[in-house]
Amino acid sequence: MRGLRRPSRGPWTRALAAAGLVGVLLGTAACGGGDGDGNGGAAPGAQSDGGEAGDPVDGGSITVGLEAETNSWLPGEGTFNQPGLNVAYAIYDPLMQRAEDGEVRPYLAESLESNEDLTEWTLTLRPDVQFHDGTPLNAQALKTVFDTYLKAPTSRVAATLSEVNSLDVVDDLTVVYKLAETNAAFPDILTGASGWPFSPDAAAAAGPDAGANPVGTGPFVFESWQRDSRLVLKKNADYWQPGLPHLDELVFRPIPDEDTRLASLQSGDIDVMQSLRQGTILRARELDGVSNYEWLGSNSGGTTVNTSRAPFDDVRVRQALAHALDQEALIEVLGGAGVTPPSTQFFSEDSPYYSEKVAEAYPEYDLAKAQELYNDYIDDPDRSDGLPVGTPLSFTFQCPPDPSLNELSQIIQAFWSALGAQVELEQTEQAAWIQQMLSRDYETGCTRVGGDNDPYILLSQAFQEGPLNMTAFQSPEIDEQLDILKATADLDERKKAIEAIGLVLNENVPNTFAGGTLTVMAARDAVKNMDGWVFPDDIQGNGAANASAMWGHVWVTD
């Protein structure tokens, strides 16, 4: 891995660096081969084996196999998890993006600066940028998107932007985000869907079909979409970054079945494969002529429960289920033994926010304790599900239909059945499963927990009211610590707040953890620069983080 190149720092970046707001990154435990330098330098937490990228080559087309379809491509409407993020980075440019050192920096934006108390953030756009429909990216376009779409009651990012009172136009290229109160983590919000500008004119013209006709400023222009089959993008000939993109065409195909996706890469039916399944990643390492761009950050596999439904509204049930799970056995089933470490909290051991105290408080595998808690609930005449004393728990555990996840579901079923619970397994396609979790229309199931966002963004979305609080768990103690996180730029104070939140979560266990989630973008050797993208000022980006790529920087040599 090449050395880090530190950017010059403006007023807001100094405050963020002081707060320790860097990417929560963990070096992978097992290399994918090669010298680790990858295509132009991998980001912290990554491993790749593609060798040197060489000089860029223009032209050509590649096809990318994704693990799932996305419901809509309109920011604020779409559920942009890892598969959707890949498509978004081709159609849209993020106002802010994360650099190799984890720092959030301007990308489509030219600058972002805050006032003294971090309640006003002034963003300046780059000049002469156009949307794909030829309309200008300017301050008024940002305001229209913000007011009409992002802050709409039905918007999936409305909760994220709830503390932004207004976006005010200063001049043609300058806006001010005015917050209700201090938020040191605000720049991180603009790396996600809240910071992907799209043409308000095109969205208004498309009306309810806007999500199927995306118009951004990104390196590729929308051509066609056959839902659950293929999405075709063409080169943006008027792209604002000179020399980019290199590819003429980019095709995305949702291939939910892991075996099929891997076989498609091996046969050459696709050129790049995304995966977050540990067993698939191990098999991808064995393929000839394939480079693996791996990443292990603060993201873990685990289970989630809907605490708004009985019996999961009772902490005894949640604790019983947690103590009944053997983490090492779960990791073994997922194919991560010796590759991914057990997780105990939202942050990896290499994160500045990792806490040994929280790790020690995580519910350990203890069948006797699990049984005691389980019995205490089912023998309680006032049990929350209203069933007669002694009635065993009966509920459904959901997971996407992947072979490793099927095996995982079966072993979880066995652990919980040993307590006396009647656990029905249900396979649910990933896109549908995400929708059910978002709407809290489920009981319990497998999930991914954590992320490399700023801790305030990550934890407030997960445990305050909003669509991303899939467990429905909330706590006054967590709210108090979140207030500290968003108000201070002091690393020690933030670490104490995060530790306090972690202790509350491990006591109440709305989620359980298995092991860290290793991710990969596995590509034919001819596909280059998957992890070598740079900012417009040549600062190194964060590589192929979390199984995603900045596609405008990628090229193919055949």
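The values are calculated or read from the model by the stated rules, or taken from the named source; none is laboratory data. Keep in mind it's a predicted model, so treat the numbers as computed, not measured. Backbone-built Cβ (ideal geometry, glycine too); neighbour counts: all protein chains shown.
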Mind telling me which of the residues 49, 35, 58 ends up being at pLDDT 50 or above, surrounded by fewer than 24 Cβ atoms within 10 Å (Cβ to Cβ), farther than 20 Å from residue 547 by Cβ and of a type in the set (D, E, K, R)? 58
Could you run through the range 75-106 and say how many residues are in contact with a helix residue (DSSP H, G or I) (Cβ under 9 Å, 6 or more places away or on another chain), crowded, with 23+ Cβ neighbours inside 10 Å and assigned to a loop (DSSP other than H, G, I, E, B)? 7
Would you tally the residues in the range 344-379 being over 30 Å from residue 494 (Cα atoms), of a type outside the set (Ser, Thr, Tyr) and touching a residue at least 60 places away in the same chain (Cβ under 8 Å)? 1
Restricting attention to the range 473-494, does a residue exist that is basic (Lys, Arg), at pLDDT below 90 and over 29 Å from residue 425 (Cα atoms)? yes
Options 336, 390: the member that is of a type outside the set (D, E, K, R) and exposed (fewer than 15 other Cβ atoms within 10 Å of the Cβ): 390
Tabulated pairs, the range 459-475, first at negative phi and among the hydroxyl-bearing types (Ser, Thr, Tyr), second crowded, with 17+ Cβ neighbours inside 10 Å and part of a loop (DSSP other than H, G, I, E, B), C-beta under 7 angstrom, 6+ apart or interchain: 471/306; 471/307; 471/510
Does at least one position in the range 428-449 carry a residue that is on the phi > 0 side of the Ramachandran plot, within 16 Å of the chain's Cα centre (by Cα) and in contact (Cβ under 8 Å) with a residue 40 or more places away in the chain? no
Go through the range 148-174 residue by residue and tally those that are of a type outside the set (A, V, I, L, M, F, W, C), in contact (Cβ under 8 Å) with a residue 40 or more places away in the chain and in contact with a Lys or Arg (Cβ under 7 Å, 6 or more places away or on another chain). 0
Criterion: within 30 Å of residue 341 (Cα to Cα) and either modelled with pLDDT of 95 or more or of a type in the set (Phe, Trp, Tyr) (or both) - qualifying residue of 544, 549: 549
Return the residue satisfying two criteria in turn: it lies in the range 250-303 and is out of contact with any Lys or Arg (no Cβ under 9 Å at 6 or more places or on another chain) and hydroxyl-bearing (Ser, Thr, Tyr), and of such residues it is surrounded by the fewest Cβ atoms within 10 Å (Cβ to Cβ). 267
Quick check on my filter: what residues within the range 166-190 are more than 30 Å from residue 70 (Cβ to Cβ) and of a type outside the set (Asp, Glu)? 169, 170, 173, 174, 176, 178, 180, 182, 184
Using the structure shown, decide if residue 145 is under 16 Å from residue 214 (Cα atoms) and either within 28 Å of the chain's Cα centre (by Cα) or surrounded by 15 or more Cβ atoms within 10 Å (Cβ to Cβ) (or both). yes
Out of all the residues in the range 231-252, is one or more basic (Lys, Arg), part of a strand (DSSP E or B) and either over 30 Å from residue 511 (Cα atoms) or in contact with an Asp or Glu (Cβ under 9 Å, 6 or more places away or on another chain) (or both)? yes
Neighbours by Cβ (under 9 Å, 6+ apart or cross-chain): first from the range 392-412, more than 22 Å from residue 259 (Cα to Cα); second acidic (Asp, Glu) and crowded, with 16+ Cβ neighbours inside 10 Å: 393/385; 395/443; 396/443; 397/443
Given the criteria in contact with a Ser or Thr (Cβ under 7 Å, 6 or more places away or on another chain) and touching a residue at least 60 places away in the same chain (Cβ under 8 Å), does residue 386 qualify? no
In the range 349-384, residues that are part of a loop (DSSP other than H, G, I, E, B), hydroxyl-bearing (Ser, Thr, Tyr) and modelled with pLDDT of 95 or more total 4
Find the residue count for the range 129-170, including only residues that are among the acidic types (Asp, Glu), at pLDDT 95 or above and in a loop (DSSP other than H, G, I, E, B). 1
Over the range 519-554, the set of residues of a type in the set (A, V, I, L, M, F, W, C) and within 15 Å of residue 107 (Cα to Cα) is 533, 534, 535, 539, 549, 550, 551
Which numbered condition residue 122 fails, given (1) at pLDDT 95 or above; (2) closer than 23 Å to residue 452 by Cα; (3) of a type in the set (Ser, Thr, Tyr): (2)
Any idea which of (1) surrounded by fewer than 18 Cβ atoms within 10 Å (Cβ to Cβ); (2) closer than 25 Å to residue 486 by Cα is the one residue 155 doesn't satisfy? (1)
Applying the selection to the range 415-435, what residues are surrounded by fewer than 17 Cβ atoms within 10 Å (Cβ to Cβ) and either touching a strand residue (DSSP E or B) at 6+ places or on another chain (Cβ under 9 Å) or of a type in the set (D, E, K, R) (or both)? 417, 422, 424, 425, 426, 427, 429
